[in-house]
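Report on one structure; see the data block that follows.
The values are calculated or read from the model by the stated rules, or taken from the named source; none is laboratory data. Keep in mind that what you see is a predicted model, and the values were worked out from it rather than measured. Here the Cβ positions follow ideal geometry from the backbone for every residue, glycine too, while neighbour counts run over all protein chains shown.
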Amino acid sequence: MAIDWQKLAQRYRDAYLADLKTLVGIDSSRDDALATADYPLGPGPAKALIAFLDLAKRDGFMVKNLDNLVGYVEYGTGDQTLAILGHADVMPAGKGWATDPFELTAKDGNLYGRGTSDDKGPALAAYYGLKMLKDQGIDPKMKIRFIVGTDEESDWTGMNHYLDLEPAPTLGFSPDAEFPLINGEKGNVTFETHFKGGNVGPFTLQTFDSGLRMNMVPRDAEATVTVPDPAKLKTSFEMFLAHAPVTGDLTVEGTTVHLQLVGKAAHGMEPKNGINAGTYLATFLGQFEFGGDAADFLHLIANDLHDDSRAHRLGLNYTDDVMGDLTMNVGIMTFKADQSGVVNTNFRYPTGTGAAQILAGLQQATAQMNVTVEQGREMVPHYVDPSDPIVATLMDVYRQQTGDTTAQPEVVGGGTYGRLMKRGVAFGALFPGTADTMHQANEFQPEADLLKAMAIYGQATYELTK
């Protein structure tokens, strides 16, 4: 069947933008403090899932909601199942936005709002690709399930729930990364180093707070300290700001000083794209005479973790010829005097190393400290051979639609739902040369790119199931 997919996608522009406005208008970040039986991850993720499924019901698809954790849209029949896996949850908006993060805003050809790039914009484009098949009366030779998760940015609770209740798909792709295609994803593991809350000496660390999620470079950091000479600390802080790539503020009340730093948020898979306000603040404070657990907390961050995304100082640096470098993001840092402290580190690692080696490095770095190191969820590296038909077919579609005949599949540090299937990949929707603003303030995606992605997804779904 000869279809001009890009011309067809343009017909859906206004409907797509109206639906994206609805989805972006929902703050679907996970909030366990508001969790209920009906909203197991808080209201936002469930409401975004329901809104997504309502769009599909409106368009005449069969849909199913699995306990407000995950849902799917189904089209076609067959012994095999092609899965298209997106997610309706988003990262917390954080600070630093020039527009309302939960109002779709068009400016200079770009669509701004939380989720426009990760993953509401791309997921909706892939849904419209499926809708184009249905509207054209195309009968796929395979069952297609468009699956919408609600916890991709945290623990994948929704997709795990799906796999507990439904058969695993045969093959599929996730529109939650970049073009041309991701056929390999690094391993992913998080560790928490837990401190006591003690202070010893003339300087007291009352509080320290930085970071929103383990897979996000912290933009903001703040601390409250008690010091013998606030004026001297203020002078040192001003000198520090003059040479550091952060901005900050300091206020004094008696011998208590409150400090704030602002860096740059970024996706945790490549910390070099951000400026970690938390590690910079710990580096500044670490030069003063803190003692006890507070000193250990600052020392670990400043001496072993700060500005070292490849974990050289921990002795964990490792590179694989296919998957590239191990990377480390320091995502959350908190301390409260007389209570506790936590440093959260997230590692993306290639084949050839793993959680055991990383744990050993952290334990060695903290051997002289009164701490415990706990391992969180681990996902091992995932790789689909470039010769697999799903890779070959999707690459061919991408090349046809873009004219980029030299494009090759890639391996990344990000983790997508594609890795849940042995023959699963990530496919778009960020085009080469487009700024990656995922997990950042002022997240955006060019409107033209999303419409082009819609065309790619339409043809890709058709080619994989014809």
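Structure notes:
- The range 349-375 residues that are free of Cβ contacts under 8 Å to residues at least 40 places away in the same chain and loosely packed, with under 14 Cβ neighbours inside 10 Å, paired with ones that are outside any loop (DSSP other than H, G, I, E, B) and aliphatic (A, V, I, L, M) (beta carbon under 9 Å, 6 or more apart): none
- Which listed residue is over 26 Å from the mean Cα position of the chain (by Cα), of a type outside the set (Asp, Glu), assigned by TED's automatic domain parsing to the domain that holds Asp220 and not in a loop (DSSP other than H, G, I, E, B), from Phe288, Phe240: Phe240
- The residues of the range 209-230 that are out of contact with any Lys or Arg (no Cβ under 8 Å at 6 or more places or on another chain), part of a strand (DSSP E or B) and either of a type in the set (A, V, I, L, M, F, W, C) or closer than 26 Å to Trp97 by Cα (or both), listed by number, are Asp209, Ser210, Met216, Ala221, Glu222, Ala223, Thr224, Val225.
- Candidates in the range 160-170 are the residues that are at pLDDT 95 or above and touching a strand residue (DSSP E or B) at 6+ places or on another chain (Cβ under 7 Å); of these, the one that is farthest from Met269 (Cα to Cα) is Leu165.
- Filtered residue count, the range 189-239, keeping only those that are aromatic (Phe, Trp, Tyr) and within 22 Å of Ala266 (Cβ to Cβ): 2
- Residue match in the range 368-376 (condition: of a type in the set (Asp, Glu) and part of a helix (DSSP H, G or I)): no
- Output for the range 255-266, where each listed residue is within 18 Å of Phe444 (Cα to Cα) and either in contact with a helix residue (DSSP H, G or I) (Cβ under 7 Å, 6 or more places away or on another chain) or among the hydrophobic types (A, V, I, L, M, F, W, C) (or both): Ala265, Ala266
- Flag if Ala426 is in the same structural domain as Glu103 (by TED's automatic domain parsing), touching a Gly at 6+ places or on another chain (Cβ under 9 Å) and within 19 Å of Gly324 (Cβ to Cβ): yes
- Filtering the range 412-435 to residues that are modelled with pLDDT under 95, more than 16 Å from the chain's Cα centre (by Cα) and outside any loop (DSSP other than H, G, I, E, B) leaves only Leu420.
- Residues satisfying the criterion are present in the range 182-192 (criterion: over 18 Å from the mean Cα position of the chain (by Cα), within 21 Å of Asn344 (Cα to Cα) and not in a loop (DSSP other than H, G, I, E, B)).
- The residues on offer are Asp155, Asp176, and the sole one that is acidic (Asp, Glu), touching a residue at least 24 places away in the same chain (Cβ under 8 Å), surrounded by 21 or more Cβ atoms within 10 Å (Cβ to Cβ) and in the same structural domain as Thr434 (by TED's automatic domain parsing) is Asp176.
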